[in-house]
Amino acid sequence: MNDSTTEEPVLDLAAVGVGPFNLSLAALADEVDGLAFAAYDQRPAYDWHPGLMFDWASLQVSFLADLVTLIRPTSRWSFLNYLVEHDRMYPFYIAERFHVPRREYADYCAWVAGRLPSLGFATSVDGVRWLADRDLWELTLRRTDTGAVIRRLARNIALGVGTEPFLPPPLAGVAGERVFHAGEHLNRIEGLVAAGVREVTVVGSGQSGAEVFLDLLRRQREAGWAVNWLTRSWGFAPLDYSKLVLEYTTPAYMRYFNGLEPAVRDRLIASQWQLYKGIDTETIDLVHAELYDHLLDGDRPPVTLLPATAVHAAALAGDGVRLTTRHADTGREAAHETGAVIAATGYAPRRPECLEPVEKLIAWDDRGRYDVSEGHRIRTAPEVGAGLYVQNAELHTHGAAAPDLGIGAYRGALILNAVTGRDVFRIPRRTAFQSFGPAAGRVGGS
């Protein structure tokens, strides 16, 4: 293995991971004169949730929530410019689509990623060290195709490694061919068909769970399987898209949320789950329509929907899985055998292994999470002046907006303004009609 120290200039900002948020950062950074920027990802090319890329699925936010538009609508990396470059502007105009197909958004992101010179794919960030004598970060980079190792220096780092699939403990213990996360669905579903699985159970009722359940229903005539859908929530509830509630995903609420006490923030996140964990109403309508068709057919295998039902235990049983469930309202337990389990149980924050050498320099809260400032900078030891920023790992400090695509350009602009020390991008201040803090004076009449 070759190990060399690069003679390239010190980077002003190095981005670790190239998901939508660091891709947004890279697109905005592309127009900042004099900025030394690079982003690294161990994958060979950009790819976004391929295991859930259904042809019929739409993005849950407006096309305006692209990589740049909410901060720099004139950028050549906007979604509208992507349409122009692909000669689709007039068809898009006539289609009047506010929520674009998910596969189109993924293609747009791949189009940007394939043209930005600052992105380094097939490059793993294996380690980060802090050089106290120079107050710089040293990144150990390894080419995944050649094994070559180099070291780059950076004044600031933006972590954008995203989250990782989460399996609750009962299912994690039996994960394998018949129990897997919904993020692998399209990569694994044909294997279940080929294996002749006669019953499939979906666990979890967010958007991914609804889409996987709908896909299983649509395959039912061919596959001949029974389908179950379980959720520990009180029901298969929709995302709240009402206008004033959507203001809770704006920068205005994000700033307010960050100023609250940690215990208050945790309580609010738990209560605001329909801002980011529910099902969009269009998908609910499609599910209901498919269930109605199932009712009309009369001869399909059974379909069962069980709200308020949590998986308490799981064990492999022959070629399938035995689930023990517990009903939230009655406390009653029940056993059920199924051929396969697809867990739409969400994603959890990922602590990058590359940070192990500097973990003691990072301020962690009492639950082992980053302590993140309003400007998305991770608080570090006082002697560390080099900046460490984070994207989509601050739900606990910034609220429901953190994973929302509509916040990506805004957050990237904040980071770039901080890194450059000047207002390269104009930051919008009026983003909500509501004033989330206490009223400064008396409201209303006598």
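The values are calculated or read from the model by the stated rules, or taken from the named source; none is laboratory data. Just so it is clear, the structure is predicted and the values come from calculations on it, not from any experiment. Here Cβ is always computed from backbone atoms with ideal geometry, including for glycine, and neighbour counts include all displayed protein chains. Accessible surface is based on the protein model in full, side chains and every heavy atom, while ligands, DNA and RNA are left aside. Shrake-Rupley method; radii C 1.70, N 1.55, O 1.52, S 1.80 Å.
Mean-square fluctuations from a GNM of the chain, with a 10 angstrom spring cutoff on Cα atoms, peak among 208, 233, 242 at 242.
Within the stretch 314-351, find all residues whose amide N lies under 15 Å from a label point positioned 7 Å from the Cα of residue 273 along Cα-to-beta-carbon. Answer for the stretch 314-351: 326-329, 344-348.
Normalised by residue count, the stretch 63-122 yields a Cα convex hull volume of 93 Å³ per residue. Can you give the FRET efficiency to the nearest 0.05 for residue 296 and residue 436, using r as the Cβ-Cβ distance and R₀ = 41 Å? Efficiency, from the Cβ-Cβ distance: 0.30. Under a 10 Å cutoff between Cα atoms, tell me which one of 170, 91, 349 has the largest fluctuation in the Gaussian network model of the chain. Of the options given, 91 has the highest mean-square fluctuation.
What a 1.4 Å probe finds exposed on the chain is 51% carbon and sulfur by accessible area, rounded to a whole percent. When the Cα convex hull of the stretch 277-423 is projected onto planes of every orientation, the mean area is 14.7 nm². Ligands, DNA and RNA are left out, and with a 1.4 angstrom probe the accessible area of the stretch 147-227 is 36 Å² per residue. Farthest toward the positive end of the dipole of the stretch 1-73, out of 71, 52, 16, is the Cα of 52, where the dipole comes from beta carbon charges about the Cα centre.
Under the rule a/c < 1.5 gives rounded, and otherwise a/b versus b/c splits prolate from oblate, where does the stretch 198-301 land using the Cα gyration tensor? It is prolate, given that a/c is not under 1.5 and a/b is the larger ratio. Per-residue ellipticity at 222 nm, computed for the chain from helices alone with -39500 (n - 2.57) per DSSP H run of at least four residues, works out to -7500 deg cm²/dmol. With 10 Å bins beginning at zero, the pair-distance distribution over Cα atoms of the chain amounts to 4, 19, 27, 26, 17, 7, 1, 0 %.
Label-to-label distance for residue 148 and residue 381 is 3.4 nm, based on points extended 7 Å past Cα in the beta-carbon direction. Taking the longest Cα principal axis of the chain as reference, the axis of helix 262-271 is set at about 40 degrees.
Distance from the Cα centroid of the stretch 172-227 to that of the stretch 379-416 is 35 Å (rounded to whole angstrom). The residues of the stretch 237-313 present an accessible area of 54 Å² per residue when probed at 1.4 Å with all protein chains retained. The ellipsoid equivalent to the alpha-carbon distribution of the stretch 261-330 has semi-axes of 31, 23, 10 angstrom, derived from the gyration tensor eigenvalues as √(5λ) and listed largest first. When the square roots of the Cα gyration tensor eigenvalues are ordered a ≥ b ≥ c, the ratio a/c for the stretch 144-210 is 1.5 or more and a/b exceeds b/c, which makes its shape prolate. Between residue 360 and residue 115, residue separation times 0.36 nm minus the direct Cα-Cα distance comes to 84.5 nm. Compactness of the stretch 336-438 was expressed as the Cα radius of gyration divided by 2.2 N^0.38 Å, which yields 1.37.
If R0 equals 35 Å, the separation of the Cβ atoms of residue 240 and residue 332 corresponds to a calculated FRET efficiency of about 0.70.
In terms of overall dimensions, the C-alpha atoms belonging to the stretch 87-149 reach 59, 29, 18 Å along their principal axes, ordered largest to smallest. Specify whether the C-alpha gyration tensor of the stretch 1-86 places it in the rounded, prolate or oblate class, a ≥ b ≥ c being the square roots of the eigenvalues: rounded for a/c under 1.5, otherwise prolate if a/b is larger than b/c and oblate if not. Verdict is oblate for the stretch 1-86. Extension gain, residue 315 to residue 264: 0.36 nm times the residue separation minus the Cα-Cα distance gives 14.6 nm.
For the pair residue 175 and residue 98, label points projected 7 Å from Cα toward Cβ lie 3.8 nm apart.
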